[in-house]
Structure formats: structure tokens, C-alpha cells
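Novice: Would you mind keeping the following structure in view while I ask a few things?
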Amino acid sequence: KTLGTLPMNIPLSKDMMFIFGGRRWKALMVDDFQQVVEVEPAPTGKTPTFTGGVAHVHDRIRQEMFRLYGSEEVPGYLDTNAQQLLREARDNFAQYGLERTYVLEYEKQSLLFCWQGDTVMNTILVQLLARGLKVCRDDLAIAVDKISSDELLMHLGELVDEGPADAVELAATVKNKVIEKCDRFLSDDLLCFNYAASHLDTQNAWVALKKIVDL
């Protein structure tokens with residue numbers, strides 16, 4: 001049955017896990033031309049109750065989040081509820097040692113915290129998908145199913161050794177590149193160039209991965 005519509009702000013491919021309507025799903029088939037995704041429930045892992053808005057988050061926003069989580073500063077614009085949420089976030093940030101680690105094993109998956117904006121996170125997600133891993137965007141993290149932190153770090157190290165990826169070649173691995181209303185009139189080559197320019201940042205993704213691997 002039809003479940004609803006999904007904003008195309010994340011790449012999708014066969015066997016990819018993603019969150020929709022507060023549940024985690026596995027993509028069985030992605031038809032870019034018909035803009036249809038066939039899915040089945042994916043029982044692994046916990047899911048949030050909402051996925052957030054469509055607008056991309058800038059690198060500076062997540063870097064500021066990282067700074068605030070690791071400090072004792074309380075911004076003056078926070079009301080009482082927001083201050084309590086900040087304290088809870090800081091408690092979890094400290095509990096899991098996220099100030100000094102970027103990869104965390106949780107249940108049957110590994111979570112990658114790179115503290116970068118959506119474009120860089122999208123790029124890393126596509127690179128991991130291209131390596132055949134089962135990957136999902138999960139709020140601040142990139143979740144990779146059925147893999148240890150050491151195995152994930154090995155994949156990240158290999159990506160660093162390969163150097164910055166070719167953005168157009170990487171875009172060719174993404175099935176759902178028809179996002180804006182006029183994209184359906186573009187050839188596949190132009191779609192790849194368009195997607196690479198608007199949704200990928202391979203240079204900064206490489207820099208972020210190198211920082212994680214070198215830690």
C-alpha cells in the first residue's frame with residue numbers, strides 16, 4: 001500500500017535503510033523515473049519520532065553544536081525547557097565520550113558522528129553506500145548496520161587513502177537524482193553534474209574523514 005511521500009533530500013538506493021513516519025524502512029527498489037520506492041519494515045535500531053525539515057543544515061551549525069555540547073556556556077536566548085534539553089544533550093555527549101570519539105557502537109550498528117553539515121554528511125553516506133554498506137541518516141549521525149566500529153574505521157581509512165572522490169562519478173551511483181521539478185528534463189549526464197554540484201562536497205568530506213581517521 002502507499003505509505004506517503006518522502007522529500008528527496010537524502011540519496012536512496014536498493015537495500016538502504018531510511019527513516020520515514022517515525023519508522024525505519026529498507027528500500028527494496030528505487031524507480032527514479034516513476035519516483036516510487038518499494039520498502040519493507042527494517043526492525044533494527046531505534047528511530048526518532050520525526051525526521052526534521054527539508055532545508056540543508058550548514059557545517060557551521062553542527063560545529064557550533066559540537067562546541068556547545070563540550071562547554072558549560074548557556075546561551076542567553078534559551079528558555080527553561082531549552083536549557084533542560086541542553087543539559088540532557090551534554091550528559092549524553094559526555095556519557096558516550098563524543099568529544100574524543102567519532103564512531104560509536106550502538107546495538108547492532110555503528111554510528112558515525114562527523115559534526116558536519118548535510119552536504120558533507122550526504123557525501124559520506126553516498127560513499128559508504130557505494131561500498132555496499134547498509135547505511136542510514138539518523139539525525140546527527142550516519143548509522144551503518146551490522147558492522148563494528150573497527151570495521152567502519154577501516155572503510156573510512158580506505159576512503160581517505162583514495163583521496164577526494166570524483167563528485168560526478170559518485171553522483172552516478174545515486175538513483176534518485178530527480179529532485180527539482182525540471183530535473184526530469186535533464187539527461188543522465190546532466191543530472192549527475194547537477195546532483196554533484198548541489199548535493200555533494202567531496203573535498204570537505206575527505207577532510208572530515210581524514211580528521212576522524214587520524215584521531
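Matching residues to (1) within 21 Å of the chain's Cα centre (by Cα); (2) at pLDDT 95 or above; (3) in a loop (DSSP other than H, G, I, E, B):
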| site | (1), (2), (3) |
| --- | --- |
| GLN34 | no, no, yes |
| GLU40 | yes, no, no |
| THR47 | yes, no, yes |
| THR51 | yes, no, yes |
| ALA55 | yes, no, yes |
| LEU86 | no, yes, no |
| ARG90 | no, yes, no |
| THR101 | yes, no, yes |
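Novice: Of the numbered conditions (1) open to solvent by less than 30 Å² (accessible area, probe 1.4 Å); (2) polar (S, T, N, Q); (3) touching a strand residue (DSSP E or B) at 6+ places or on another chain (Cβ under 8 Å), THR202 fails exactly one; give the number of that condition.
Specialist: Unmet for THR202, out of (1) open to solvent by less than 30 Å² (accessible area, probe 1.4 Å); (2) polar (S, T, N, Q); (3) touching a strand residue (DSSP E or B) at 6+ places or on another chain (Cβ under 8 Å): (3).
Novice: List every residue pair whose Cβ atoms sit under 6 Å apart, with the two residues 6 or more apart in sequence or on different chains, where the first one lies in the range 167-190 and is over 13 Å from GLN127 (Cα atoms) and the second, anywhere, is open to solvent by 100 Å² or more (accessible area, probe 1.4 Å) and of a type in the set (D, E, K, R).
Specialist: From the range 167-190, the pairs are VAL178/ARG184.
Novice: Tell me which of these VAL213 doesn't satisfy, since it passes every other one: (1) open to solvent by 20 Å² or more (accessible area, probe 1.4 Å); (2) more than 28 Å from TYR106 (Cα to Cα).
Specialist: (2)
Novice: Take the residues of the range 15-32 that are modelled with pLDDT of 70 or more and part of a loop (DSSP other than H, G, I, E, B): which is surrounded by the fewest Cβ atoms within 10 Å (Cβ to Cβ)?
Specialist: Here the answer is GLY22.
Novice: Kindly provide the set of residues from the range 154-181 that are part of a helix (DSSP H, G or I) and either of a type outside the set (A, V, I, L, M) or surrounded by fewer than 15 Cβ atoms within 10 Å (Cβ to Cβ) (or both), ordered by number.
Specialist: Correct list: MET154, HIS155, GLY157, GLU158, ASP161, GLU162, GLU169.
Novice: For the range 74-83, does any single residue satisfy the condition of being of a type in the set (Val, Ile, Thr), open to solvent by 90 Å² or more (accessible area, probe 1.4 Å) and free of Cβ contacts under 8 Å to residues at least 12 places away in the same chain?
Specialist: Yes, that holds for at least one residue.
Novice: While we're here: Applying the selection to the range 123-145, what residues are open to solvent by less than 10 Å² (accessible area, probe 1.4 Å), in contact with a Pro (Cβ under 8 Å, 6 or more places away or on another chain) and either closer than 21 Å to MET65 by Cα or without any contact (Cβ under 8 Å) to a residue 40 or more places away in the chain (or both)?
Specialist: Hit for the range 123-145 is LEU125, nothing else.
Novice: Same structure again: Looking only at the range 88-122, how many residues end up being in contact (Cβ under 8 Å) with a residue 12 or more places away in the chain and loosely packed, with under 13 Cβ neighbours inside 10 Å?
Specialist: The number of residues fulfilling the criteria is 5.
Novice: Residues ARG137, ARG184: which one is within 23 Å of GLN35 (Cβ to Cβ) and part of a strand (DSSP E or B)?
Specialist: ARG137
Novice: Could you tell me whether LEU128 is closer than 22 Å to GLU169 by Cα, at pLDDT 95 or above and either of a type outside the set (Ser, Thr, Tyr) or not in a helix (DSSP H, G or I) (or both)?
Specialist: The answer is yes for LEU128.
The values are calculated or read from the model by the stated rules, or taken from the named source; none is laboratory data. Here the structure is a predicted model, which is why all the values come from computation and not from measurement. Note that each Cβ is placed from the backbone with ideal geometry, even for glycine, and that neighbours are counted across all protein chains shown. What goes into the accessible areas is simple: the full protein's heavy atoms, side chains included, and nothing from ligands, DNA or RNA. Shrake-Rupley method; radii C 1.70, N 1.55, O 1.52, S 1.80 Å.
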